[in-house]
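Q: Below are the structure tokens for one structure; questions will follow.
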Amino acid sequence: MRSVKNICCIGAGYVGGPTMAVIAHECPEINVTVVDINPERIAQWNGDNLDELPIYEPGLKEIVAKCRDKNLFFSTDVEGAIDKSEVVFISVNTPTKTYGKGKGKAADLKYIELCARTIAKVAKSDKIIIEKSTLPVRTAEALKSILSNTGSGVNFEILSNPEFLAEGTAVNDLMNPDRVLIGGDNTPSGIEAKEVLSKIYEHWVPEERILKTNVWSSELSKLVANAFLAQRVSSINSISALCEKTDANIDEVSKAIGLDSRIGPKFLKASVGFGGSCFQKDILNLVYIARSLGLTEVADYWEQVIIMNDYQKSRFVDKIITSQYNTINGKRIVIYGWAFKKDTNDTRESAAIYVVDALLEENAEIIVYDPKVSEERIFADLDYLGTRDSSENRKRVTVANDPMEITKNAHAIAILTEWDEFKSYDWKTIYENMMKPAFVFDGRRLMTNSNLRQIGFEYYNLGEV
Ligand code: NAD
Ligand code: UGA
């Protein structure tokens, strides 16, 4: 079996960065180079201040500090890194298409194709190419087609090795994965390639958790895992609406059903709606594939998960408006949390973006505080929607650094991310600061066990009356 001395990963993002940092940490004899076409991102990974890495993940900066410039390197020299590596991971973004055929549904594979063409151009020796990005089932076929037509005599073995980490817990998920999935051809060279990759993971992952399948099962399993997880969130969110009409309590229902070992307790937390870069994108992709294959009922079934998620966000906005006597025009609404979940600075598809956009449509005045998300990012997210021009967004939204100060004269607070620090605030002072009646709309059920109602707040806790 070939030995691996050099690995490279194309794409220094939320997956490429942490995944390669952990491989470098656990495999000291392997040189790991993470490359990206974005020079600013690479400069941030190489920066002196480890608090300014491009990605915030608990435990990440410690690993980077230990390995960087020893066996972990960040570079913009994509071609150089491919050339010297025996194993090349592709971990570039695969967003939903915003144009042409499949617009708004299919995955845009232009970045993946570009990687394949660069590899085909540069490679002078045999390589194992690994799909780390989440891809539509049968993408490996397209990669194979590009890579097998180089005429250089170089052999490429293509593996699918999807990533299951969740943001905010990425390092822990990578160090202790439930499973590592490796898909590849069941030919002698395919089986050997799967073994080579498995040996890398076996440095720290027990062998019985490394699952080897054919390529297509691996590609499809990644989409299906995300679809099942998102489906649980939409399922419990649908029940949260029912709880609000029936005096049932959503946490009590979650607990009662989750104790059934066949259902299990995880991913049953009602919220203002799931966000993140992948759930929506991957389900849209699954729906698109099913529809393209003529499986209309299958497509409709999974599409409902997204429809329910959109409903949950708009239901939350309606609650904010109707509770405040059907108008929020000119009212000062404080938003606690912009990230799509706690412990990450990622805001992609965050419910906060859509909730605030809808509140702005009602002419509310918005003040946002998030402990990890920059002002620049918040405005970029709003501008991207294109609902109004960017000068208007800047006029109507303020991004603040002091979570207490901004509550002065506020009519309402909406909690949209479950940051722990919100729980420790002096809510009595917040109440005194605010206009009366003082409303709190808790889209995360974060303050369930606090005494907001006793303090005097009009407290809406999503999923109960
Ligand atoms: P990201 O946007 O954070 O990072 C992708 C990086 O790839 C960017 O920095 C971009 O500049 C770079 N890139 C694009 N084309 C390139 C090219 N031709 N050469 C070099 N660099 C290039 O994306 P991400 O969140 O890391 O996601 C990457 C993939 O992993 C996606 O397919 C996603 O679905 C999947 N995934 C993401 C997560 C997650 O939690 N974010 C988890 C599992 C799987
Ligand atoms: C998710 C999956 O959990 C990962 O396994 C997968 O690798 C990743 O997508 C991906 O492919 O990108 P991530 O989006 O980072 O990870 O975070 P999650 O913890 O899954 O949360 C997603 C969203 O669902 C968040 O907005 C979260 O607040 C929400 N959520 C989650 C709930 O509202 N309720 C829950 O019970 C769980």
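The values are calculated or read from the model by the stated rules, or taken from the named source; none is laboratory data. Keep in mind the model is a prediction, meaning the values are calculated, not measured. All Cβ positions, even for glycine, are placed from backbone atoms using ideal geometry, and neighbour counts span all protein chains on display. Ligands, DNA and RNA are excluded from the accessible area calculation, which covers all protein heavy atoms including side chains. Shrake-Rupley method; radii C 1.70, N 1.55, O 1.52, S 1.80 Å.
Q: I want the local charge near ARG232. Using Cβ-Cβ distances under 10 Å, sum +1 for each Lys or Arg and -1 for each Asp or Glu among the other residues.
A: Values: positive: LYS266, LYS269; negative: none.
It works out to a net charge of +2.
Q: Residue by residue through region 224-233, which ³J(HN,Hα) values in whole Hz follow from phi under the Karplus form 6.51 cos²θ - 1.76 cosθ + 1.60 (θ = phi - 60°), with glycine and proline marked x?
A: With coefficients 6.51, -1.76 and 1.60, one gets 5, 4, 5, 5, 5, 5, 5, 4, 5, 5 Hz.
Q: For the Cα atoms of the chain, what angle does the longest principal axis make with the long axis of helix 375-385, in degrees from 0 to 90, nearest 10?
A: Approximately 90 degrees, to the nearest 10.
Q: Still on this model: Within the set LYS61/LYS255; LYS199/LYS372; LYS144/LYS269; LYS105/LYS144; LYS144/LYS342; LYS319/LYS342, which residue pairs have Cα atoms separated by over 32 Å?
A: Details: LYS61/LYS255 35 Å; LYS199/LYS372 37 Å; LYS144/LYS269 41 Å; LYS105/LYS144 24 Å; LYS144/LYS342 39 Å; LYS319/LYS342 23 Å.
Where the Cα-Cα span goes over 32 Å, the pairs concerned are LYS61/LYS255; LYS199/LYS372; LYS144/LYS269; LYS144/LYS342.
Q: Looking at the square roots a ≥ b ≥ c of the eigenvalues of the Cα gyration tensor of region 117-169, which shape do they give, rounded for a/c under 1.5, prolate if a/b is larger than b/c, or oblate?
A: prolate
Q: I would also like to ask the following. Taking all protein chains in place and a 1.4 Å probe, what share, in percent, of the accessible surface of the chain do carbon and sulfur account for?
A: Roughly 51 percent of what the probe reaches on the chain is carbon or sulfur.
Q: Give the accessible area for HIS411 in Å² (nearest 10); use a 1.4 Å probe, count only protein heavy atoms, and leave out ligands, DNA and RNA.
A: Ignoring ligands and nucleic acids, HIS411 comes out at about 50 Å².
Q: Please report how far the C-alpha centroid of region 428-449 lies from that of region 16-50, rounded to the nearest whole angstrom.
A: 42
Q: Write down the Å³ per residue value for the convex hull defined by the alpha carbon atoms of region 124-246.
A: Each residue corresponds to 133 Å³ of Cα convex hull volume.
Q: Check the straight Cα-Cα distances from LYS395 and name the lysines below 16 Å, setting aside those fewer than 8 residues away within the same chain.
A: Partners found: LYS331.
Q: Moving on to the next point. Extent of region 308-442 along each principal axis, from alpha carbon coordinates, in Å, largest to smallest?
A: Computed over the Cα atoms, the extents are 36, 33, 32 Å.
Q: Under a 1.4 Å probe, what is the accessible area of the chain per residue, stated in Å²?
A: Spelled out: the 1.4 Å probe surface of the chain, per residue, equals 44 Å².
Q: What relative contact order, as a whole-number percentage, does the chain give when Cα pairs under 8 Å and 6 or more residues apart are counted? Show your work: numbers first, answer last.
A: Values: 873 pairs, mean separation 55.3, N = 465.
Relative contact order of the chain: 12 percent.
Q: Now for a different question. Report, in degrees rounded to the nearest 10, the 0 to 90 angle that the Cα long axis of helix 279-292 makes with the longest principal axis of the chain.
A: 60
Q: Less than 13 Å Cβ to Cβ from ALA12, Lys/Arg counted +1 and Asp/Glu -1: what total charge do the surrounding residues give? Intermediate results must be reported in sequence, preceding the final value.
A: On the way: positive: ARG41, ARG68, LYS132; negative: ASP36, GLU40, ASP77.
Computed value for this residue: 0.
Q: Another question about this same structure. So which aspartates and glutamates can LYS281 reach, going by Cα to Cα under 19 Å and dropping same-chain residues fewer than 8 places off?
A: Cα-Cα hits under 19 Å: ASP108, GLU113, GLU131, GLU163, GLU167, GLU219, ASP300, GLU303, ASP310, ASP346, GLU349, ASP381.
Q: Let me ask another. Run through the DSSP bridge list for the chain and note the antiparallel percent, rounded to the nearest 5.
A: 5
Q: Next question, about the same structure. To the nearest 10 degrees, how steeply does helix 351-361 sit against the main Cα axis of the chain, on a 0 to 90 scale?
A: Once rounded, the angle reads 50 degrees.
Q: Oh, and also: With n ≥ 4 as the cut-off for DSSP H runs, can you work out [θ] at 222 nm for the chain, using -39500 (n - 2.57) per run divided by the number of residues, rounded to the nearest 500?
A: The per-residue figure over the chain is -13000 deg cm²/dmol.
Q: Taking 2.2 N^0.38 Å as the expected size of a compact globular protein, what ratio does the Cα radius of gyration of the chain give against it, to two decimals?
A: Working it through for the chain, the quotient is 1.04.
Q: Using Cα centres only, tell me the gap between region 76-136 and region 225-241 in whole Å.
A: First find each Cα centre; the distance between them is then 31 Å.
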